[in-house]
Every structure is written in C-alpha cells, then in structure tokens.
Amino acid sequence: REFREMCMLCKSGRVHLPFPQFTGNQQLLVILVLFLGLAIPCCGLQSQQSQITLSVIGILSFAGISTIGWMIIRTWTFHPKGALRPEIIDQIFRLRDLEAETRIMRRKEEIAKKLSNAIQLKTISQTGPDVHSPEAKQAFLDLHKLLEDTFPLVHKILKKTVISDFSLLFEWEGSNQTRLPYFLYAHMDVVPVSDSDQWGIRDMQTKQLVENIHPFSGKIHEGFVWGRGAIDDKQAVVSILEAVEDLLANGFKPERSVYIGFGHDEEVGGPQGGKNIAKYFKDNNIYLDFMHDEGLMIISNALPMNSHKIAFVCCSEKGSVQLNVEVAATGGHGSSPPNFKKTSNPTSAIGIMSRALMRLELNPFPPHMDSTTRQMFEFASHGFKFPLRFISSNMWFFGFLLKKILGSKQTTATTIQTTTALTIIHGGEKDNVLPTSVKACIDHRVHPCDTIDYVIKRDKEVVKDERVLFSIIRSTPPSPVSSPTNDVFNTISTSVYEWFTNVIVVPSLMIASTDSKHFWEVSKSQYRFCPTTLNMTGEHSVAMFHGTNEKMGIENLARSVLYYRSIILRSDLK
C-alpha cells in the first residue's frame, strides 16, 4: 500500500526521485537499495493512524538511501568525460616508441650539455625603462648563434623569422595546407638573480652551503643541470628544438604545418616578443588550431590522499589588473593634526588610505567552484583514497564543501578566487608634515569567473569612501577556457602518459601570467604545461621557479624531448 501511494505521488510530479540509469548488476544493486529504503521504516508500523507518517518516512528514506546508494556506486564506476581510463593509460605506456626512447636516452648527457650552454648566456629581462641591457641584447644574439650551431637541421629545413630583433619564429610547412597549423611556444629570457651567493650544494644535516654554484654556470652535477632558466624556460626551448631535430634526422615530414616560437621578453609581459609574434600571425592571416605554452608541471604530493604525481595542464589563465589608489587631503604641520576629537572617520590622507587598504585586505573576493576546478578533482578521482574519492566522484553534491576546504588555505585559495595583493604605498616626505597625497598600488589576479569591471566595482564597495580614487595602471582580462575533452587535450594527456609513470593528467587554472594572452585572437585554444617533474616541497620543488638553486634533471630533460616529439607526431594524426 505504501509503495503504491509513493508511486502515485511520483507519477503526479509531486515527488522527484534521483533515479539514474544503470545497467547489468548495477540495476540489481539499485533495486536492493531502494527496497531497503522502503521496507526498513515500515517494519513494525501497522496502525491506520500511522499511514501518513509512513508515507512521509518512506519517501524520505527512499530518496535518501537511494541517493547514497547511487553515490556509492558512482564512486566506483565514475569516469569523467575526457579522462583516459587506467587500462588505456597502461596500454599507452606499454606501446610507447621504445626505439625513440633508447635513442634519446642514449644522448641525454649530450642534450644536457646543450641546455647548459644556453644557460650560460645571460638573457635577462628586468623591469624598468631599459628592459634589456646591452649585455643582455648581445646574449640573445649569441643564443641565436648557439641554437643555429646546435640544431643545424632545424635551421636548414624550417623557415626562420626574427621578430623584434630578438624573438624567433620557425615555420615547419606541412604537406596538407587545408589543415589548421598549431604552435609550440617557449621563451628565451630569464629573470635576474639577486642571491647568487646562496646558490649551491648544502650539507644535508646542517643545511650549510658547502659548494657554491653560480646561477649562470650551467653546471652539470649529480644528474642535474643547474642555472637560471634551467626550468623557466630554456629547457622547453632546447627540448622542442631537440625533438624537431630528431624527427628531421629520421625523415619525418609533417602533414599539418607547425609553428615554433621563442619570445625574448616574456618575463616582463611580452610587449615586443610574444605580442609581435601574434601580430605576425594576424598580419599574415595565419589562424592556429591550438597553442602549447609554458604552464604548470608534473608535481608530486600536489593533492592530499593521492599518491600519484599530478600533471596540471592549464586550460585557462587568470587575468590581472593593477590599480593605482590615491587619496588627497588637507596637509599641515605635525603639531596640529586633524584628529583632535574622537571620530570613526579618519581625515588625514594616511588615515584614509590605511583604512581603505585594511578593508580590501580583510575582505577577500568570493570563491568559485568553476568547471575547470571541478574537472580537476574529477579527473584525479580514481587516484584518491577514501573519503576524497567519494567526494571527488560526486562533485555535484560536495562541490560546496570542497570550495570551503580550498578557500581555507593560501596555497589553494588562489585557484578558486580573485586575489588582492597590496604591493606599493607612498605617502609623506618629512616626519613633521602631514602629506596632502598618499598613493598605493593593488595587484589583482582575476579569476575567470570574474571580470575587470566587477573587481573595480567591488573594491569601491568594500572601501565605502568616495575620497579614495581608483584608476587602472594596466589590465588583462582572464583568458578564454579551453576544453579538457577535445582532441588537443587528449593529445597532451596521451603524450604525458607515454613517457611519465604513476601520473594523472588533470585540467587546471594557471594563476600566473604567460605570453599566451597575446594569441587569443589567432588561436582556437591555448594549453599551458611544462613536462617537468617537481616536488611540492623539498630540494627539487616548485620553489625553484624564480628562486634559488633552479635545476633540471637530465633524465627529465630527455623525457621532455620525447614528450614534445609525441605532441608533434600525435597532432599530425588528428
């Protein structure tokens, strides 16, 4: 009787049940769970007066237990769209090109020496009116000559174009001009080094420096190539060119055209390098299927309760807006300040600015559980242990919980919200004079779910003071979001799985800025990834980026060559 009444309620549309479609043994398990959901609350209750109560309890139990049962089944059967199944991943690794692997690995010391030679050239970009010193400009020209001598087939067969004196663009023409070309990109410039005396080998016990290694020595020591640019980003320059050189030496001719570009000022935003390469494409009506740029890496211990290394392929990139904040007020002598009576509203320029900045720092932007973040955990779900596997397989239900968890830590909050950094403040020139003007700068990194206009509007709402004026110094909107379920992402994933073990490829968000921002108009999609294996913490960790003791593993460098080689071969098939 209770079952019939429940069915009538469902049929009338007054009750909606989460009834997913299952097949085979899954259907039997669902039927069993639903039967228990109906039977358990009805045991021992037979009086006429309890019928309404039984109906309500039965319906709620039915919905609750069936939902839990569905979530349990989903946990063990869930497979997100676009992710490769574990059995396919194993097959990809087993069927890898062993001949190419043997050939490249046999030459790994030689490839490491090529990177070492590139590191020794101080191609430094620095902020300020003179981005490149005369020494740096000469270093770029020397690097051009080094690459020409090191990769002769590339320079003989591919068409080379020099952009803005120092950036390089190569065209590898394909046999089928009806297919869209694609673009492999890296940058040749590096950031300055201010702590060269701290670079070197340290005692494991005392942490004292026992051997200094100069950041531009390119020293090869115990399986690593040391120096500025070893990871960011000369390893990509060498790996891409080495992959092309190997393919040319073995007679490969692409069906679709490939463009290879190396910028010379990415570390300062790419105003002359990446931007003018994109202009070259636009001026010559060249439209790209996809762009592969630097991005996040393959990181160990990146996600809790997951023993796999995680390959973060960035499908989108945060935008940025740098704001100038200014307050003007009446000045005066320090002996007669304006705060002579108690008030909740500051009147001095420094007081007004201080309160405004405090409000901005103490009121972070709301977090977002966008599709990229959700898919990142879904793609990694089969590598999690319980309970994270249960949570990541049912993001439709637990998304709100994961958003709170990610938002509670600084390292993860940056991936789900727009950030606010107070970077510069100026005010006052003499210790006994009230300044008439105070200026500050704010650096916002804008999440793809937000906009530049929204960020500025919210800042004004948080400050709640018309005396505080905002103006834009420069801005870049968040990037378009590229799909993690298309052929390009599949090509990247497959190339990772072919050459790296115990790894899971996931889509992710790039929180820093890359030159890919210049190519939105000429490229259908952009993916940002470095085939570099690092640890989350410790000696060989992500802290090396723009930091101390930057170095690249020799075997990792060889696998990067194999990765880019696979990208080219697989892209030609799709």
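The values are calculated or read from the model by the stated rules, or taken from the named source; none is laboratory data. Not measured: the values here are computed from a predicted model. Positions of Cβ are generated from backbone atoms using ideal geometry, with glycine treated the same way; all protein chains shown enter the neighbour counts. Heavy atoms of the whole protein, side chains included, go into the accessibility calculation; ligands, DNA and RNA do not. Shrake-Rupley method; radii C 1.70, N 1.55, O 1.52, S 1.80 Å.
Please indicate, with yes or no, whether at least one residue in the stretch 157-177 is surrounded by fewer than 16 Cβ atoms within 10 Å (Cβ to Cβ), outside any loop (DSSP other than H, G, I, E, B) and among the acidic types (Asp, Glu). No, because not a single residue in the stretch 157-177 is surrounded by fewer than 16 Cβ atoms within 10 Å (Cβ to Cβ), outside any loop (DSSP other than H, G, I, E, B) and among the acidic types (Asp, Glu).
Okay, residues lined up against (1) of a type outside the set (Lys, Arg); (2) within 20 Å of the chain's Cα centre (by Cα); (3) at pLDDT 95 or above:
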position: Ile442; (1), (2), (3): yes, no, yes
position: His447; (1), (2), (3): yes, yes, yes
position: Val468; (1), (2), (3): yes, no, yes
position: Pro477; (1), (2), (3): yes, yes, yes
position: Val496; (1), (2), (3): yes, yes, yes
position: Pro507; (1), (2), (3): yes, yes, yes
position: Ile511; (1), (2), (3): yes, yes, no
position: Val522; (1), (2), (3): yes, no, yes
position: Pro531; (1), (2), (3): yes, yes, yes
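Listed conditions (1) over 20 Å from Ser513 (Cα atoms); (2) open to solvent by less than 20 Å² (accessible area, probe 1.4 Å); (3) of a type in the set (D, E, K, R) are all met by Asp450, apart from (1). Confirm whether Asp265 is among the charged types (D, E, K, R), modelled with pLDDT of 95 or more and under 28 Å from Ser475 (Cα atoms). When the stated conditions are applied, Asp265 passes them. Within the stretch 196-209, not a single residue is modelled with pLDDT of 95 or more, crowded, with 16+ Cβ neighbours inside 10 Å and either under 16 Å from Gln120 (Cα atoms) or in contact with an Asp or Glu (Cβ under 6 Å, 6 or more places away or on another chain) (or both).
Considering (1) open to solvent by less than 30 Å² (accessible area, probe 1.4 Å); (2) out of contact with any Gly (no Cβ under 7 Å at 6 or more places or on another chain); (3) modelled with pLDDT of 95 or more; (4) farther than 23 Å from Trp499 by Cα, the lone condition that Thr75 does not fulfil carries the number (3).
Among the residues of the stretch 274-297, is there at least one that is open to solvent by 10 Å² or more (accessible area, probe 1.4 Å), assigned to a strand (DSSP E or B) and in contact with a Lys or Arg (Cβ under 9 Å, 6 or more places away or on another chain)? Yes.
Quick one: count up the residues across the stretch 449-462 that are part of a loop (DSSP other than H, G, I, E, B) and touching a His at 6+ places or on another chain (Cβ under 9 Å).
2
Here the condition is being over 25 Å from Asn250 (Cβ atoms), touching a residue at least 60 places away in the same chain (Cβ under 8 Å), among the charged types (D, E, K, R) and open to solvent by 70 Å² or more (accessible area, probe 1.4 Å); of Lys122, Lys137, Lys145, it holds for Lys122 alone.
The strands (runs of 3 or more DSSP E) found wholly in the stretch 463-542 and carrying at least 3 residues that are buried (at least 19 other Cβ atoms within 10 Å of the Cβ) occupy 503-510, 526-535. If you go through the stretch 391-411 and keep only what is in a helix (DSSP H, G or I) and open to solvent by 40 Å² or more (accessible area, probe 1.4 Å), you end up with Trp396, Phe397, Phe400, Leu401, Lys403, Lys404, Ile405, Gln410, Thr411.
If only residues of the stretch 321-349 that are open to solvent by 20 Å² or more (accessible area, probe 1.4 Å) and part of a strand (DSSP E or B) are counted, the one that is nearest to Phe390 (Cα to Cα) is Gln322.
Residues in the stretch 562-574 that are modelled with pLDDT of 90 or more and either within 21 Å of the chain's Cα centre (by Cα) or in a loop (DSSP other than H, G, I, E, B) (or both): 3 in all. Report yes if some residue within the stretch 354-371 is among the charged types (D, E, K, R) and either exposed (fewer than 15 other Cβ atoms within 10 Å of the Cβ) or part of a strand (DSSP E or B) (or both); otherwise report no. Yes: one or more hits. When the criteria are applied in full, Ile310 fails the requirement of being surrounded by fewer than 22 Cβ atoms within 10 Å (Cβ to Cβ), farther than 23 Å from Pro478 by Cα and of a type in the set (Val, Ile, Thr). Among the residues examined, Lys122 qualifies as more than 30 Å from Tyr287 (Cα to Cα), part of a loop (DSSP other than H, G, I, E, B) and of a type outside the set (A, V, I, L, M). Ala112 meets the conditions (1) loosely packed, with under 14 Cβ neighbours inside 10 Å; (2) of a type in the set (Gly, Ala, Ser); (3) in a helix (DSSP H, G or I) in every case but one. The failed one is (1).
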